[in-house]
Every structure is written in C-alpha cells, then in structure tokens.
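Contents: one structure, followed by commentary.
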Amino acid sequence: MGTVTIGVSIAVPEPHGSQLQELRAGFGDAAAHGIPTHVTLLPPTEVDARELPAIEAHLVEVAAAGRPFPMRLAGTGTFRPLSPVVYVRVVQGAEVCARLQKQVRDASGPLARELLFPYHPHVTVAHGIDEAAMDRAYEELADYRAEWPCTGFALYEQGADGVWRKLREFVFGGAVVPPQASARAEDATLPLF
C-alpha cells in the first residue's frame with residue numbers, strides 16, 4: 001500500500017471558504033485551488049496507508065470528547081520573515097483549536113509528531129508568493145470578518161496531483177459521518193489543505 005500524506009483540519013464553511021480561496025488565488029497563490037480554506041489541526045504528515053484505520057479510530061475518540069464551539073475570524077497577520085505566509089486571524093476558538101491539535105497529535109496516539117513551529121491557529125490566504133502580493137493580501141483582508149459554529153473536523157489526503165481531498169468527517173459529540181465511496185476516486189473534487 002505504501003505511504004500517504006494526510007492532514008487534519010477544520011474547514012472554513014461556505015460562503016467564506018470559497019470566498020477566501022478565490023481571494024488567495026487572486027493574490028497569485030498557485031496552490032490555492034488545491035488547498036481549500038481551513039484551520040490546520042495536523043499539518044501534512046506522511047503515514048503508512050495501513051495505519052489509516054487506527055488513525056480514524058483515534059480521530060473518532062478525539063471528536064467524541066469534543067463539543068461544538070464558536071469560531072470567529074477577524075483581520076490579518078503574517079509569519080514573515082520566518083515563513084512567507086499571510087493569514088486571517090482566528091480571534092475566537094483559537095484555544096479550542098490548540099487543545100484539539102494537541103489531542104490529535106497525542107504522544108500515545110498514531111499521529112504523534114513534533115511541529116516545526118509553535119502551533120498558531122490561522123487561515124492561510126497567501127503563501128510563498130512575491131512580497132508585493134503578500135503585502136496586498138495583508139492589506140486587503142485587514143477588515144475581513146467571518147464566524148460560524150464549528151461542529152467537527154475532517155481527515156484529508158493529498159493526491160498525487162497535489163490536491164487535498166476529504167476522506168472522512170468527524171463530528172463533535174460522537175456522531176460520525178461515514179466516508180464517501182467516491183472520496184478516494186481519481187475524479188474526486190473535494191480538496192482541502
């Protein structure tokens with residue numbers, strides 16, 4: 001079976017997700033359409049494909065212990081010069097995101113890993129593009145606002161084409177949305193990351 005690259009994230013729902021994705025593409029970020037709008041809980045991680053059932057079981061447990069919470073985005077921030085990223089800030093729900101990502105990466109679980117940088121929940125709107133475009137993203141989204149009730153998170157896999165696709169959703173409180181039969185099909189068009 002080999003290895004697969006996975007990630008875990010909270011999707012930014014419609015209409016906000018598509019709006020931010022289109023803005024990201026408009027700033028010149030070529031990866032925008034393969035990386036739908038999200039707040040990362042587990043960054044891209046290579047795993048043995050045979051571990052996916054254990055990973056899903058672990059994520060079911062994390063979600064079962066969680067409860068819906070309000071998410072609110074407001075304004076922009078940047079990781080420059082450390083990392084070429086401009087993002088929309090998570091101003092409500094950040095503490096819950098931080099707790100969730102620790103549970104996902106629990107040292108005793110199948111997704112235990114160290115992070116390259118301290119965890120900082122955010123929604124990327126520009127990454128690795130020229131400085132003028134980064135500045136434009138930072139300025140144009142300075143007044144951006146969005147909010148929604150976060151009810152869960154999802155597991156995604158990066159395809160050979162670089163596009164992220166949803167494998168399974170995990171709803172807080174124990175309800176689980178079963179995986180979609182077409183989620184692993186070559187023609188699936190539900191990217192996220």
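Quick one: is ALA74 under 24 Å from PRO118 (Cα atoms) and within 13 Å of the chain's Cα centre (by Cα)?
Criteria not met by ALA74.
Do the conditions hold for GLU114, that is, is it out of contact with any Asp or Glu (no Cβ under 7 Å at 6 or more places or on another chain) and either assigned to a helix (DSSP H, G or I) or touching a residue at least 12 places away in the same chain (Cβ under 8 Å) (or both)?
Values: out of contact with any Asp or Glu (no Cβ under 7 Å at 6 or more places or on another chain): yes; either assigned to a helix (DSSP H, G or I) or touching a residue at least 12 places away in the same chain (Cβ under 8 Å) (or both): no.
Spelling it out, it is not the case that GLU114 is out of contact with any Asp or Glu (no Cβ under 7 Å at 6 or more places or on another chain) and either assigned to a helix (DSSP H, G or I) or touching a residue at least 12 places away in the same chain (Cβ under 8 Å) (or both).
GLU157: out of contact with any Lys or Arg (no Cβ under 8 Å at 6 or more places or on another chain) and at pLDDT 95 or above, yes or no?
So GLU157 fails the test.
So if I check each of GLY109, GLY77, which one is within 18 Å of PRO43 (Cβ to Cβ), in contact with a helix residue (DSSP H, G or I) (Cβ under 6 Å, 6 or more places away or on another chain) and not hydrophobic (A, V, I, L, M, F, W, C)?
GLY109
Could you tell me how many of the residues in the stretch 94-103 are over 14 Å from the mean Cα position of the chain (by Cα) and touching a residue at least 40 places away in the same chain (Cβ under 8 Å)?
As a first pass, look at the stretch 94-103 and keep what is over 14 Å from the mean Cα position of the chain (by Cα): 95-96, 99, 102-103.
Right, trim to touching a residue at least 40 places away in the same chain (Cβ under 8 Å) and you get 96, 103.
Within the stretch 94-103, residues that are over 14 Å from the mean Cα position of the chain (by Cα) and touching a residue at least 40 places away in the same chain (Cβ under 8 Å) number 2.
Could we say that VAL96 is touching a helix residue (DSSP H, G or I) at 6+ places or on another chain (Cβ under 8 Å) and either assigned to a loop (DSSP other than H, G, I, E, B) or surrounded by 17 or more Cβ atoms within 10 Å (Cβ to Cβ) (or both) here?
no
Which condition breaks for MET1 when tested against (1) out of contact with any Asp or Glu (no Cβ under 7 Å at 6 or more places or on another chain); (2) modelled with pLDDT of 95 or more?
(2)
Among the residues of the stretch 1-24 satisfying the criterion of being loosely packed, with under 14 Cβ neighbours inside 10 Å and free of Cβ contacts under 8 Å to residues at least 24 places away in the same chain, which is farthest from VAL90 (Cα to Cα)?
Here the answer is GLU22.
The values are calculated or read from the model by the stated rules, or taken from the named source; none is laboratory data. Every value quoted in this text rests on a predicted model; they were computed, and no experiment measured them. Every residue, glycine as well, gets a Cβ built from its backbone with ideal geometry; the counts of neighbours run over all protein chains shown.
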